Amino acid sequence: MTSPRPTDVMMQMMGGFQVSQAVYVVAKLDVPTMLDEAGGPLTVSELAHESGAQIQPLRRLLRTLASVGLFTLDGDRVTLEPIGATLSRNAGDSLYGAAVMWMETHYASFSDLLHTLRTGEPAATHHLGKPFFDWVNENPDRSQQFSDAMASFTSGLRTGMFDHYQLPDGELIADIGGADGSVLVELIKNLPDRRGIVFDLPPVLPAARSTMSDQGLNGRVQITRSTSHC
Ligand SMILES: C[S@@+](CC[C@H](N)C(=O)[O-])C[C@H]1O[C@@H](n2cnc3c(N)ncnc32)[C@H](O)[C@@H]1O
């Protein structure tokens with residue numbers, strides 16, 4: 001097999017912003033969930049009707065994403081491929097939340113990355129006018145969206161990450177910046193002699209409390225608020 005030419009690889013990297021925005025839009029329109037729930041192909045017109053999108057731009061978007069493996073198109077019929085299925089809300093390893101969160105919280109700030117290199121100031125602080133987590137947490141919906149996406153990384157991307165990990169000795173494990181506590185759950189759920197702390201900013205803590213209740217870990221995990229800024 002011949003390696004791709006360096007110029008081809010670089011072109012793919014340079015166009016990454018287009019792909020990530022296209023992935024965001026198709027997730028936001030919920031097209032992967034619709035195809036998943038249909039259990040088979042749907043037409044572009046059906047998907048446009050159900051999602052509220054215009055037919056022509058949706059066809060172009062789906063063709064673009066077919067070229068990177070999310071769908072196959074047979075005329076007007078659209079089939080969901082395993083890569084695209086990771087964006088279905090119903091997938092066990094769903095990355096829907098992460099796809100939406102990244103584009104709605106991180107994408108715009110990245111346009112100021114050069115500023116960071118010139119000044120040392122985080123691009124997000126410059127772009128948003130305040131530190132990133134102040135901005136995330138001033139809006140409860142955004143804060144929840146962020147925590148949900150972190151949890152989806154743990155349940156999807158990081159599945160099995162701790163399977164062969166042996167915690168060092170010690171009774172108490174603190175997750176600093178632990179978000180909704182999903183990582184801590186993975187670490188201690190099967191170790192009844194261990195206790196935990198989730199330490200995070202105040203707006204994030206309700207999500208951590210809810211995770212611990214759902215997992216029956218209230219008695220073993222302390223939820224602690226940080227008063228500092230990021
Ligand atoms: C990238 S997330 C990581 C979440 C989690 N540890 C995980 O790996 O899924 C960073 C977390 O740090 C928290 N955080 C940011 N600034 C903080 C601060 N000053 N004190 C405590 N937590 C903070 C955020 O609220 C967020 O939940």
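Just so you know, all these numbers are worked out from the coordinates, no wet-lab data involved. All figures in this text were calculated on a predicted structure; none of them were measured in a lab. A quick note on method: Cβ atoms are made from the backbone with ideal geometry, for glycine too, and the neighbour counts reach across all protein chains shown.
For segment 148-220, chymotrypsin sites (Phe, Trp or Tyr not before Pro) are listed when DSSP marks them as loop and at most 10 other Cβ atoms sit within 10 Å of their Cβ; the list is Tyr165. A straight chain from Arg118 to Ala38 at 0.36 nm per residue would run longer than the Cα-Cα distance by 23.8 nm.
Once the Cβ-Cβ distance of Ile55 and Asn139 is raised to the sixth power relative to R0 = 22 Å, the FRET efficiency obtained is 0.05. When the label point is put 7 Å from the Cα of Arg77 along its Cα-to-beta-carbon vector, which residues of segment 25-40 have a backbone N closer than 13 Å? Counting only backbone N, you get 40.
In this label model, Ala174 and Ala66 are separated by 5.5 nm, measuring between points 7 Å along each Cα→Cβ vector.
How high is the relative contact order of segment 110-157, in percent, counting Cα pairs under 8 Å that sit 6 or more residues apart?
Reported as a whole number, the value is 19 percent.
Here Asp74, Asp200 are placed in order of increasing Cβ neighbour count within 10 Å, fewest first, which gives Asp74, Asp200.
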